[in-house]
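Scroll down for the structure; my scribbles are underneath it.
Laboratory data are not the source of any read-out in this text; all were calculated from the coordinates shown. All figures in this text were calculated on a predicted structure; none of them were measured in a lab. Using ideal geometry, Cβ is built from the backbone for each residue, glycine included, and neighbour counts are taken over all protein chains shown.
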Amino acid sequence: MTFRQFAYRNVIRNGRIYAAFFMASCFSVSVFFIYSMLMFHPDLGKGILGDVSIVGMAGAEVILVLFTLFFLFYSMSAFLAARSREFGILLHLGMERRQLNRLIFRETMLIGVTSIIIGMIFGFSFSKFFFMIVREMLQLDSLPLYLAWQPFLLTLGVFFSAFMMISYVSVSFSKEHKVLDLLRGVDQVEAVTPYSKARGIKGFVYIILAYLLAMLAPHVNFLVTLIVFIPILVTFGTYYFFSDTILLILAIIRKQRKLNWKRYRLLAIAEQTHIMKNNAKMFFVVTMVSTLAFLSVGVLAAMSSYTTQYNLVNPMGLIYKGDANNPYEKEHINSLLNQLEERGLSYHLTRFDVVKQTSTATNRQVEVLRESDINRLLYSNNYPIVSLAKGEGMFIPNTEEDLKILKNKRVETVLQENDIPITIDRVYPRVIFPKAIISVNAIIISDEDFEKLWYITSNPHIKQPVYHLFTFDINRWVETKDIRLEPDPYEGVFNEEAPYYLENAGLNYSYIVATYSLFTLVGLLVATVFLLASGSFIYFKLHAALERNQQQFEVLQRMGLSDYEMKKLVNRYLFPQFFVPWGLALLHCTFVFAALQVFLKDLINISIAKEVILAFSFLVLIQVVYFYLIRWRYLSHMRP
């Protein structure tokens with residue numbers, strides 16, 4: 001038998017240990033390859049959404065590569081520990097350390113190359129189906145399957161380099177144990193650092209402090225708190241939680257004889273203590289990886305809330321804004337009306353004259369609207385009507401947050417250009433216009449006061465202090481995405497020099513939905529890789545200690561342990577390993593999204609609670625199914 005054949009047969013013989021690693025590697029390669037096919041697609045770079053899609057794909061590629069490197073390195077370390085007894089026998093029979101390292105390198109590269117080939121085959125097989133989905137998401141005319149060398153070369157180069165680097169690093173930096181220690185099993189001789197009560201309390205305090213900051217974040221500098229302080233506290237708190245806090249809790253439980261000395265609970269608590277001592281780092285990694293997966297899915301659910309409640313922050317279908325001397329106004333309005341009638345879309349058109357004035361209270365410019373113009377718009381939307389007397393004014397809120405700020409505000413001012421005193425002591429109770437249309441300082445005054453504001457310069461080259469606003473209230477506003485201005489010398493691109501601007505809620509919504517759909521596709525696949533990898537970490541550890549656990553259960557069965565009791569004992573053995581890390585990850589994300597819910601509710605009056613709860617419930621269901629699948633396989637190995 002040659003050395004190469006020996007490496008091949010070792011891989012086949014240890015197929016049970018390598019199975020999860022091989023499947024996770026194939027899945028990562030497949031996802032990476034599909035993203036590469038999309039990124040290099042010749043038709044995908046066309047248009048704004050095409051640029052967004054390329055950025056999203058490139059970002060997903062980087063995340064997958066970095067995470068795959070970490071996953072491969074950790075997996076290799078677990079495999080080396082699981083096969084320590086086998087390595088001890090080989091060294092005892094005369095194999096040199098150099099030969100053993102070469103054997104491990106060849107085995108890893110054999111698995112790596114095989115997973116790369118199979119992963120690319122599966123990726124290419126599903127590319128056409130993937131392209132069909134992306135074509136609908138990005139609203140492209142076509143996205144055909146193509147054959148090019150770039151995706152194959154990129155995937156092969158990235159993952160071949162990753163497997164080579166991980167194989168070399170794992171062998172070079174692995175601890176050199178004595179042959180006797182290897183024969184006994186490395187997990188039996190490694191010294192375990194005793195837990196510290198101080199660190200145990202720190203872990204609990206750090207996590208609680210992070211949760212408190214998350215709840216206070218909407219009331220302080222939200223982004224700085226969320227991005228800087230909370231992740232640091234959660235990371236250190238989670239590490240101390242598994243390395244010390246859980247051991248401290250188990251030590252307290254063991255001192256409670258009524259709780260500890262009850263049937264086979266003693267065995268379960270003793271075994272969990274041993275597991276936590278030896279696998280604290282693994283549980284920390286699983287928790288952080290699961291947190292990333294939950295956050296990815298939660299962010300997608302939050303984006304879904306925004307898309308479904310888009311009409312709350314954009315109450316109009318079409319809004320046309322033009323200068324007083326805009327030469328295209330008549331043609332544009334007629335063009336919009338004709339397009340709406342061609343599509344059979346009912347609408348209610350309201351015209352506004354908006355005059356810019358200077359407020360003496362703030363020395364800033366304010367935009368002034370007429371009471372009767374606003375009431376025509378409000379009537380069509382079944383909103384409360386405005387009633388103002390001479391000298392009275394009302395704020396127009398720009399956002400829900402502005403509504404709260406202006407609710408109890410009173411301002412005595414004079415519109416400087418026309419010397420008109422106005423008292424503003426109320427705010428309209430709803431957001432009427434999108435944020436991009438009306439300025440932050442906008443008010444409504446009575447018709448009698450508004451008539452005194454008219455003044456237009458005679459020079460046509462000077463921008464007038466008056467502009468015209470046309471609002472189209474459209475029930476089926478989603479269907480306006482294809483409506484365009486005709487003629488449009490500026491080709492729909494925002495330009496400060498342009499004398500007009502069109503806000504098309506249907507078109508904006510189509511961009512948002514397409515971008516959200518793309519990120520959903522990217523995020524779900526990345527989250528799936530994360531969850532698969534986090535489950536694989538636990539799978540590796542279970543199978544690494546499988547022989548030791550089989551011996552323990554054989555002894556217990558000889559002592560009279562029934563099959564029913566064995567199932568209960570296995571549940572108590574496996575349940576904490578699966579659901580403590582994932583439960584803590586879910587708890588981390590729950591507080592983050594609770595803070596985000598408060599922030600978004602105050603800012604734009606949007607709730608993400610329903611979507612996030614549904615997403616997390618689905619993830620919990622997946623973990624429960626995964627737990628019972630692993631439990632079934634584990635029980636099959638434990639039974640004689």
Sequence-distant residues sharing a close amide H with TYR195 (under 5 Å, placed H) = none
Gain in span if fully extended, SER346 to ILE133, counting 0.36 nm per residue against the direct Cα distance | 73.5 nm
How much length is gained on full extension from PHE160 to ARG476, taking 0.36 nm per residue of separation minus their Cα-Cα distance?
-> 108.5 nm
Say each of ALA148 and VAL411 gets a label point 7 Å from the Cα, pointing the same way as Cα to Cβ; how far apart are those two points in nm?
-> 5.4
Full extension from PHE204 to GLU486: what is 0.36 nm times the residue separation minus their Cα-Cα distance, to one decimal in nm?
-> 95.2 nm
Percent relative contact order for region 325-473, counting Cα pairs under 8 Å at least six residues apart, stands at 33
